[in-house]
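Below is one structure; the comments refer to it alone.
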Amino acid sequence: MRIAVIGAGVIGLSTALCIHDRFHALVPQLQLEVYADRFTPHTTSDGAAGLWQPYLSDHGNLQETLWNKETFEHLLGYLNSPEAKEMGLFLISGYNLFKQPVPDPSWKNIVLGFRNLTPKELELFPGYSYGWFNTALMLECRSYLPWLTNRLAQRGVKFFHRKVESFEEMFSQGIDVVINCTGIRAGELQPDPALQPARGQIIKVLAPWVKHFIITHDMESGIYSSPYVIPGSEFTVLGGIYQQGNWNEENSAQDHKSIWERCCRLLPMLQKAEIVQEWSGLRPARPTVRLERESIGHGRSRTEVIHNYGHGGFGITIHWGCAMAAARLLGNILQEKQSQSRL
Amino acid sequence: MAAPRVAVVGAGLIGLSTALRIAEVNPNCCSITLLSEQFSPNTTSDVAAGMLIPHTYPGTPIHVQKQWFKETFTYLFAISNSAEASEAGIHLVSGWQIFKNPSEAEVPFWSDIVLGFRPMSAAELQKFPQHSHGQAFTTLKCDCPPYLLWLEKRLKANGVQIHTRKVADLWELHSEYDIVVNCTGIGARQLVGDQQLFPIRGQVLKVHAPWVKNFIRDGDGLTYIYPGIDSVTLGGTREKESWRLSPDPGTTKDIFDRCCSLEPSLQRAQDIRVKVGLRPSRSCVRLQREVLSQGGAKLLVVHNYGHGAGGFSVHRGTAEEAAHLVQECIAALQGSSSRAKL
């Protein structure tokens, strides 16, 4: 039973690990393989700051809220373990800022210590009149992806550095189930007009005196189009770009200026921070995450694809819940194949 | 009468901040010189984490301590919110104070001055299985040396002269200065023979663990983790009457173990440096005037020492009071000099 995961970002690698954990003992002949043309540190996941935080509203999509919760709790379980540092996992507190009162988010009871900001705290952020404080998690992919990779390699999972051109290519090589974790480029394997890039650009600086994340929100211009500051273990990420439909992965001087000016206005001390790196990436945005089975072909040559892509700007936030859901779908497939073979 | 000559003795946090406040409230009316044997990074203040979490002085009314803390917090809050923050080493930090004993978890007098003070939720306490209660809040941290170096820079900009000099006896200054401000911390024990002043030895570790973003403090005050700009301070000890300045290896291991039990990821900390400081402890800060005289000569003294474990938390408030006392001294000198002219 050969399972191929396509994609080695946070979704691909975590789904592979979840599948291995769940099935390697139950299905002794299980062979897990990971195919990707980009590995860490060149994936979209590597560019993300790594803050666990869903969008402000789940638009009634309780399924995604549940996956977010499962991810948070899974990561919390590792927090006090010796693995945490190697995983790039740590607690971080910070601020979400608004220009008017807003309803509490779907995740207020998932994070720790969620509360509204006091008037004194709002003095720190002129122009913002309302906000939240909470403690959440950081999961830095430039540590987490290597950690996942090591765990997978230790378990004998094989990695293939190449671009997969089609699902058929996989099936013709004897793959039984494909797990499609191709993120923004899923459309190259199967057209999906619902999947669109939401381009982001970030500036990485050295600002070790910043200990809190600060995310501002402009309810009119939309998520992540307003400045944000996220301190990591080594660098602090400045951002605030969300451009729908823009496929350009090159850094834009205009976006740089916009990020820099707005973040320095938000946090004047950043003017003294040294710029270390600039990066652009394409969030794989979709109205909902595509997490479902699809049968390709018919009869004896029927093969299965499990899609797990379209996580927008919340891939890290939702990854483990989705990995477990994908593993459950695989479980259904394995059960069906088992009962088929008995017939 | 010529402009009064003021000497501030001591270049730790108290000396520097007091000299600055004197310069700020008395522009152009006196000359100020700072004298010290030690400067940053070799002062007691450099060892401290610089957290704004007050220590309670048994001998001072609570409303006075609260006022000192409020003035200090307000002053530093403004700096933390400005472009100067990184140079001054002042930054906000959030975290938790945790207790094993519910009776210790009372709401402290300073809870409405720090930001967002509230009890910890059950979910937050799960990170600390051996503790049953806690308080979450956001406060300020003054990283040293940066803060002390920034104060020195402000002093020079205000025309304060700074000299390295060991003062063995305050009276030796009487011919060069009219007013001496004694900010010698633990040194006051020998300098002015104050038997009420005693050291409380503190050993700390400064480690590289930049993923630690929140502070954790055990309510017993002995175990704490304070993330700074370039290092995390792990503490600590409170050894009364110990004058020992050299680090103790057994203590180092004990501090490390205690901190790792609160924050297991510290096992991966690198570059561990050990420091020792002697908290200049007293039942209350000695903030008072004194007149020294020998023969016909006089020397006006303002004492500002004995801040113990709470120096950072109240430094601006006590500097303010000391500066007022210096103004009183100046007025007294001008009064007596005009009487001398009659």
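With respect to the conditions (1) away from chain B (no Cβ under 14 Å); (2) open to solvent by 10 Å² or more (accessible area, probe 1.4 Å); (3) in contact with a strand residue (DSSP E or B) (Cβ under 8 Å, 6 or more places away or on another chain); (4) touching a residue at least 40 places away in the same chain (Cβ under 8 Å), A:Ile203 falls short on a single one, namely (2). Scanning the stretch B:66-99 for residues that are hydroxyl-bearing (Ser, Thr, Tyr) and modelled with pLDDT under 95 returns B:Ser80, B:Ser82, B:Ser86. Taking the criterion of being part of a loop (DSSP other than H, G, I, E, B) and buried (at least 22 other Cβ atoms within 10 Å of the Cβ), the residues of the stretch B:25-52 that qualify are B:Thr43, B:Ala48, B:Ala49, B:Gly50, B:Leu52.
So that you can scan it fast, the table gives a plain yes or no per residue for (1) among the acidic types (Asp, Glu); (2) touching a Phe, Trp or Tyr at 6+ places or on another chain (Cβ under 6 Å):
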residue	(1), (2)
A:Glu169	yes, no
A:Gly187	no, no
A:Gln201	no, no
A:Val205	no, no
A:Pro208	no, no
A:His217	no, yes
A:Ser225	no, yes
A:Tyr228	no, no
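Check the stretch A:252-274 and report whether any residue there is more than 14 Å from every other protein chain (Cβ to nearest Cβ), in a loop (DSSP other than H, G, I, E, B) and either under 30 Å from A:Ile19 (Cβ atoms) or of a type in the set (Asp, Glu) (or both). No, the stretch A:252-274 contains no residue that is more than 14 Å from every other protein chain (Cβ to nearest Cβ), in a loop (DSSP other than H, G, I, E, B) and either under 30 Å from A:Ile19 (Cβ atoms) or of a type in the set (Asp, Glu) (or both). On the stretch given as the stretch B:27-52, residues that are at pLDDT below 95 and more than 26 Å from B:Asp169 (Cβ to Cβ) total 3.
Summed over the stretch B:290-299, the residues that are touching a His at 6+ places or on another chain (Cβ under 8 Å) and open to solvent by 80 Å² or more (accessible area, probe 1.4 Å) give a count of 2. Among the residues here, B:Ser337 does not qualify as assigned to a helix (DSSP H, G or I), open to solvent by less than 40 Å² (accessible area, probe 1.4 Å) and farther than 30 Å from B:Glu176 by Cβ.
Can you tell me which residues in the stretch A:1-42 are part of a strand (DSSP E or B), within 17 Å of A:Glu336 (Cα to Cα) and open to solvent by 10 Å² or more (accessible area, probe 1.4 Å)? The answer is A:Arg2, and nothing else. Set side by side, the residues B:Gly193, B:Gly219 differ, and just one is more than 11 Å from chain A (Cβ to nearest Cβ) and at pLDDT below 95, which is B:Gly219. For the stretch B:242-260, does any single residue satisfy the condition of being within 18 Å of the chain's Cα centre (by Cα) and crowded, with 19+ Cβ neighbours inside 10 Å? There is no residue in the stretch B:242-260 that is within 18 Å of the chain's Cα centre (by Cα) and crowded, with 19+ Cβ neighbours inside 10 Å.
Tell me whether the stretch A:270-293 contains one or more residues that are within 16 Å of A:Ile3 (Cβ to Cβ) and of a type outside the set (A, V, I, L, M). Yes, some residue in the stretch A:270-293 is within 16 Å of A:Ile3 (Cβ to Cβ) and of a type outside the set (A, V, I, L, M). For B:Val302, are the conditions met, namely being aliphatic (A, V, I, L, M), in contact with a helix residue (DSSP H, G or I) (Cβ under 9 Å, 6 or more places away or on another chain) and either under 30 Å from A:Lys85 (Cα atoms) or open to solvent by 30 Å² or more (accessible area, probe 1.4 Å) (or both)? Taking the combined requirement at face value, the residue does not satisfy it.
It is to be established whether one or more residues within the stretch B:72-82 are under 18 Å from the mean Cα position of the chain (by Cα) and open to solvent by 50 Å² or more (accessible area, probe 1.4 Å). The answer is yes; a qualifying residue exists.
Does the stretch A:212-220 contain at least one residue that is aromatic (Phe, Trp, Tyr), open to solvent by less than 30 Å² (accessible area, probe 1.4 Å) and not in a helix (DSSP H, G or I)? Checking the stretch A:212-220: at least one residue is aromatic (Phe, Trp, Tyr), open to solvent by less than 30 Å² (accessible area, probe 1.4 Å) and not in a helix (DSSP H, G or I). The set of residues in the stretch B:262-275 that are within 10 Å of chain A (Cβ to nearest Cβ) and either open to solvent by 80 Å² or more (accessible area, probe 1.4 Å) or touching a residue at least 60 places away in the same chain (Cβ under 8 Å) (or both) comprises B:Leu262, B:Gln267, B:Arg268, B:Ala269.
Taking the criterion of being open to solvent by less than 30 Å² (accessible area, probe 1.4 Å) and either at positive phi or small (Gly, Ala, Ser) (or both), the residues of the stretch B:132-163 that qualify are B:Gly134, B:Ala136. Number of residues in the stretch B:1-24 that are in a loop (DSSP other than H, G, I, E, B) and among the polar types (S, T, N, Q): the value is 0. When the residues of the stretch A:255-295 are filtered to those that are over 27 Å from A:Tyr95 (Cβ atoms) and surrounded by fewer than 16 Cβ atoms within 10 Å (Cβ to Cβ), which remaining residue is farthest from the chain's Cα centre (by Cα)? Among those residues, the one meeting the criterion is A:Ser295. Looking across the stretch B:83-98, the residues that are touching a strand residue (DSSP E or B) at 6+ places or on another chain (Cβ under 9 Å) and farther than 27 Å from A:Leu137 by Cβ come down to B:Glu84, B:Ala88, B:Gly89.
Of all residues in the stretch B:37-57, those that are under 25 Å from B:Ile216 (Cβ atoms) have Cβ atoms under 7 Å from Cβ atoms of residues that are open to solvent by 60 Å² or more (accessible area, probe 1.4 Å), 6 or more apart or on another chain, in B:Val47/B:Lys275.
Could you list all residues from the stretch A:166-199 that are loosely packed, with under 15 Cβ neighbours inside 10 Å, within 13 Å of A:Glu33 (Cα to Cα) and in contact (Cβ under 8 Å) with a residue 40 or more places away in the chain? A:Gly174, the sole residue that qualifies.
Only a single criterion out of (1) open to solvent by less than 30 Å² (accessible area, probe 1.4 Å); (2) within 14 Å of chain B (Cβ to nearest Cβ) is not satisfied by A:Glu234, namely (1).
With a requirement of 3 or more residues that are under 18 Å from B:Ile90 (Cβ atoms) and in contact with a strand residue (DSSP E or B) (Cβ under 9 Å, 6 or more places away or on another chain), the strands (runs of 3 or more DSSP E) lying completely within the stretch B:101-217 that satisfy it span B:133-142.
The values are calculated or read from the model by the stated rules, or taken from the named source; none is laboratory data. Note that the structure is a prediction, hence the values are computed from the model and not measured. Methodologically, a virtual Cβ is constructed for each residue, glycine included, from the backbone with ideal geometry; neighbour enumeration extends over all protein chains shown. Accessible surface areas use protein heavy atoms only, side chains included; no ligands, DNA or RNA. Shrake-Rupley method; radii C 1.70, N 1.55, O 1.52, S 1.80 Å.
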